[in-house]
Amino acid sequence: MSTLPTATGGDGTVPPPRTPVPGDAAAPPTIDGTEAASQNAAPSAAGAVDGVGWPAGVPVAEPAAPVVADVEPGRVRWDPAERRARASQSFWTAVVGVPAIFSVLRLGVEAGGELQTTLLLVANVGPVNLLAGFLTTAARLLSTGMVAVFALGAVLAVSADRLPPGTRRRPLFARWADITPAWVVLASFLLALITWPLLYLPLLLPAFVAAFQLRPERLHEGRLPRLLLVVALLAGYGWLLLPTLRDAREQGEWLVLALVVVPPVLAVFIAGPLPGMVIRPLASVTEVAVLAMLVWAALPVISTPVLPLTVTTVGAENGPTEDVRGHVVTTDDVNMVILQERGGVRYVPVDLVRAQVLCPSEEELPRHRLRIHDFHVEDSLLEGMGRRVRPVHRIDAACRTPG
């Protein structure tokens, strides 16, 4: 019988602790002060390990596979789920926060920077009217930003996938494109389709191809049928816009010609990954370019009035009259409050109001004389259908009179 001490537990006799294998200097001591057994050592014979008795029926634990984290020194490895959560949070913060900031800035700009006038507008312009005014004027800007982000993000994402794993951090637009549902991307293109002027709609072709990575190879497996399909699509596009192209050439509208001809050709080659050496510089340049484009496009949106432009004829009965040009803020039983076009707020007694007409702003006046199948090139599809339902009336003579 062995003379080694044993302990008694609920399951019977507990074997004594094992001593480390000779030469295994890395074995750490256990909590009770004994030496831990080596995980790499196996008993040489049943009942004896290094001279210490070990019961024959007690199993020996096999060593677990060591977990080695391949992490660069001094670098924090972010979890992919956390990265997607951060990208999603930043994306929706921009989508929700930008319209709110723009709405406040519009009121301040329309008030001429005066605090009291701004407070007057805030008190009388409801949130519903402000949101409606923002959507009708800034929906074009919002859709432009989303289309640019999704198109560039898809190209950068498919390009970054060709790089070795962990080589570089994915670009911001690529992460936004990864976490955005396909229906949101499609909705942004539909919003752009009905709000962009017809003159810029051809730009949606390469953007759509890039966002959904529609390569020519998906049309047909054979090279010759694929080439014939591409030529047929381009020919149909040219036949549809042939009258507009002819008129643009006769009028010398070379920018219009470029906007109509170049995008469809670019759509054939834009899909697919980019070389790895240009991904990081292109990502930085495109992020700055999109931000600059949004700021440049936001300036006219911020300066666009929230209230309609009117000309109000004021004067006593059977007396001289005066035309007050500006925006009606509110009307009560006593006064009509008008924010004048050239600055200042004027309170006009309701009894002195003789007439009032609605006038278009200078931005609404057309600059081109081109049409695409009875639609003016500067109108959107939504505006063009509206003009068919209710044609534009003649501008009142009072609108041409300077205020």
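The values are calculated or read from the model by the stated rules, or taken from the named source; none is laboratory data. None of the values given here were measured: they were computed from a predicted structure. A quick note on method: Cβ atoms are made from the backbone with ideal geometry, for glycine too, and the neighbour counts reach across all protein chains shown. The accessibility values were calculated without ligands, DNA or RNA, using every heavy atom of the protein model including side chains. Shrake-Rupley method; radii C 1.70, N 1.55, O 1.52, S 1.80 Å.
General observations
- Taking the range 246-262 as the range and being within 13 Å of ARG369 (Cα to Cα) and touching a helix residue (DSSP H, G or I) at 6+ places or on another chain (Cβ under 6 Å) as the test, the residues that pass are ALA248, VAL256.
- Residue that is farthest from the chain's Cα centre (by Cα), among those in the range 197-251 that are at pLDDT 85 or above and among the acidic types (Asp, Glu): GLU250
- Checked against the criterion of being modelled with pLDDT of 80 or more and open to solvent by 100 Å² or more (accessible area, probe 1.4 Å), the range 388-397 has no qualifying residue.
- When the range 333-354 is filtered for residues that are at pLDDT 85 or above and open to solvent by 80 Å² or more (accessible area, probe 1.4 Å), the ones remaining, listed by number, are ASP333, VAL334, TYR347, ASP351, ARG354.
- For GLY113: the one exception among (1) outside any helix (DSSP H, G or I); (2) open to solvent by less than 60 Å² (accessible area, probe 1.4 Å): (2)
- Residue in the range 315-324 that is out of contact with any His (no Cβ under 6 Å at 6 or more places or on another chain), open to solvent by 40 Å² or more (accessible area, probe 1.4 Å), of a type in the set (A, V, I, L, M) and part of a strand (DSSP E or B) present: no
- Condition check for ALA289: part of a helix (DSSP H, G or I), surrounded by fewer than 17 Cβ atoms within 10 Å (Cβ to Cβ) and among the hydrophobic types (A, V, I, L, M, F, W, C): yes
- All positions within the range 167-183 that are over 26 Å from GLY276 (Cα atoms) and surrounded by 13 or more Cβ atoms within 10 Å (Cβ to Cβ): none
- Number of the condition not met by THR312 [criteria: (1) closer than 30 Å to LEU131 by Cβ; (2) outside any helix (DSSP H, G or I); (3) open to solvent by 50 Å² or more (accessible area, probe 1.4 Å)]: (3)
- So ALA148, is it touching a strand residue (DSSP E or B) at 6+ places or on another chain (Cβ under 8 Å) and modelled with pLDDT of 80 or more: no
- In the set (1) within 30 Å of SER303 (Cβ to Cβ); (2) free of Cβ contacts under 8 Å to residues at least 12 places away in the same chain; (3) charged (D, E, K, R), the condition left unmet by ARG169 is number (1).
- Within the range 269-286, the residues that satisfy the criterion of being in a helix (DSSP H, G or I), surrounded by 11 or more Cβ atoms within 10 Å (Cβ to Cβ) and either of a type outside the set (S, T, N, Q) or touching a strand residue (DSSP E or B) at 6+ places or on another chain (Cβ under 9 Å) (or both) are PHE269, GLY276, VAL278, ILE279, ARG280, LEU282, ALA283, VAL285.
- Top-ranked residue in the range 360-387 [being surrounded by 10 or more Cβ atoms within 10 Å (Cβ to Cβ), closer than 22 Å to VAL306 by Cβ and not charged (D, E, K, R); ranked as modelled with the lowest pLDDT]: SER361
- Top-ranked residue of the range 91-110 - restricted to ones that are among the β-branched types (Val, Ile, Thr) and at pLDDT below 70, ranked as least open to solvent (accessible area, probe 1.4 Å): VAL95
- Condition met for ALA132 (open to solvent by 60 Å² or more (accessible area, probe 1.4 Å), more than 30 Å from PHE212 (Cα to Cα) and assigned to a helix (DSSP H, G or I)): no
- Evaluation of VAL357 against (1) in contact with a Cys (Cβ under 8 Å, 6 or more places away or on another chain); (2) hydrophobic (A, V, I, L, M, F, W, C); (3) crowded, with 17+ Cβ neighbours inside 10 Å (one fails), failing number: (3)
- Among residues of the range 184-236 being outside any helix (DSSP H, G or I) and of a type in the set (A, V, I, L, M), the one that is most open to solvent (accessible area, probe 1.4 Å) is LEU219.
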